[in-house]
Amino acid sequence: MVANTTRILLLTLLAAPIGLAQPDTSCSHDALNLTVGEYGASFGNSARHNGLRFNWSDNCLEEINGFNLTIWKPGNAMTGDVNGLAIGLIGPGAGTIKGVAIGLGGVVTKQGLAGVAIGGIGVVGAGDGIGVTVGGLGAVSDGEFVGISIGGLGLVGSGGLTGINIGGLGAVSRGDVTGISLSIITTQVQCMEGVVTGIYNRVYGRQAGLSVGVFNHATELRGVQIGLINYVEDNPPGLRILPVVNAHF
């Protein structure tokens, strides 16, 4: 419940400033291309380009290699690959972005991110986010975050969280968490290996490592809980709920 609520909240906050509620459905590829061979500068919504590309709003892309600058929100058909440096005053959007993506509003992909993604409001991806992901309010992925992932308000990696994960108010995953996961209020994951913190830490499957919080709850523990209340379901009766420290190896 908390995972779904957090995800919906972040998507609402991130999508509205980027303008996804009213997408441009035009797939026109009108552009002025100044090229020598296969390289040069492009002004407009060119489908494919190598070099420098400047466009008002990206839509129906195929492949862009090099530097890509956009002014307005991405269109409805966020397709294709952007490889290199993608910068958007509102936010870059594509099927996949590999390299560095920076948006004052946010960064949005439909397949995945690989590299460095920084969104002033947030970062939203349907696929995996691999590398460094920083969202001012939050970062949301239907896939897995791998590397360093930071969401100011919250972090949601439905497919899992691997590496160093920081969610201001919460870090949530339906998949496994491997590494270090830090949040102020809530960490909810399926299974974890490493360290998690939060006022409330809930591991629905197997916890292997350390959890630190006010209330720690694990279905199966192979490690240590430190907190005001520590609940381990697979401990013997009498040792399932303990104050300060609970453990099972």
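A few notes on this one:
- The lone criterion from (1) of a type in the set (A, V, I, L, M, F, W, C); (2) under 12 Å from the mean Cα position of the chain (by Cα); (3) buried (at least 22 other Cβ atoms within 10 Å of the Cβ) left unmet by Ala94 is number (2).
- Under the condition of being in a strand (DSSP E or B), on the phi > 0 side of the Ramachandran plot and touching a residue at least 24 places away in the same chain (Cβ under 8 Å), the residues counted in the range 196-222 number 0.
- Scanning the range 52-95 for residues that are among the small types (Gly, Ala, Ser) and either within 16 Å of Gly119 (Cα to Cα) or touching a Ser or Thr at 6+ places or on another chain (Cβ under 7 Å) (or both) returns Ser57, Gly75, Ala86, Gly88, Gly91, Gly93, Ala94, Gly95.
- Residue ID - nearest to Val100 (Cα to Cα), chosen from residues in the range 125-139 that are surrounded by 24 or more Cβ atoms within 10 Å (Cβ to Cβ) and modelled with pLDDT of 90 or more: Thr133
- You will find that of Gly103, Gly99, Gly125, Gly120, the residue that is at positive phi and small (Gly, Ala, Ser) is Gly99 and no other.
- Of everything in the range 163-201 that is closer than 20 Å to Gly127 by Cα and among the aliphatic types (A, V, I, L, M), the residue that is surrounded by the most Cβ atoms within 10 Å (Cβ to Cβ) is Ala171.
- Filter pass, Val82 being under 10 Å from the mean Cα position of the chain (by Cα) and β-branched (Val, Ile, Thr): no
- The listed residue being closer than 20 Å to Gly129 by Cα, in a strand (DSSP E or B), in contact (Cβ under 8 Å) with a residue 40 or more places away in the chain and out of contact with any His (no Cβ under 8 Å at 6 or more places or on another chain), out of Val100, Val82, Val108: Val108
- Here Thr35 qualifies as assigned to a strand (DSSP E or B), in the same structural domain as Gly131 (by TED's automatic domain parsing) and modelled with pLDDT under 95.
- Among the residues of the range 68-88, the ones that are surrounded by 17 or more Cβ atoms within 10 Å (Cβ to Cβ) and within 15 Å of Ala31 (Cβ to Cβ) come to 4 in all.
- Scanning the range 152-162 for residues that are surrounded by fewer than 19 Cβ atoms within 10 Å (Cβ to Cβ) and either touching a helix residue (DSSP H, G or I) at 6+ places or on another chain (Cβ under 8 Å) or more than 14 Å from Gly129 (Cα to Cα) (or both) yields a single hit, Gly152.
- If the condition is being at negative phi and part of a strand (DSSP E or B), then the range 228-249 contributes Leu228, Ile229, Asn230, Tyr231, Val232, Ile241, Leu242, Pro243, Val245, Asn246, Ala247, His248.
The values are calculated or read from the model by the stated rules, or taken from the named source; none is laboratory data. What you see is a predicted model; the values in this text were computed from it and never measured. Here the Cβ is made from the backbone with ideal geometry for all residues, glycine too, and neighbour counts use every protein chain on show.
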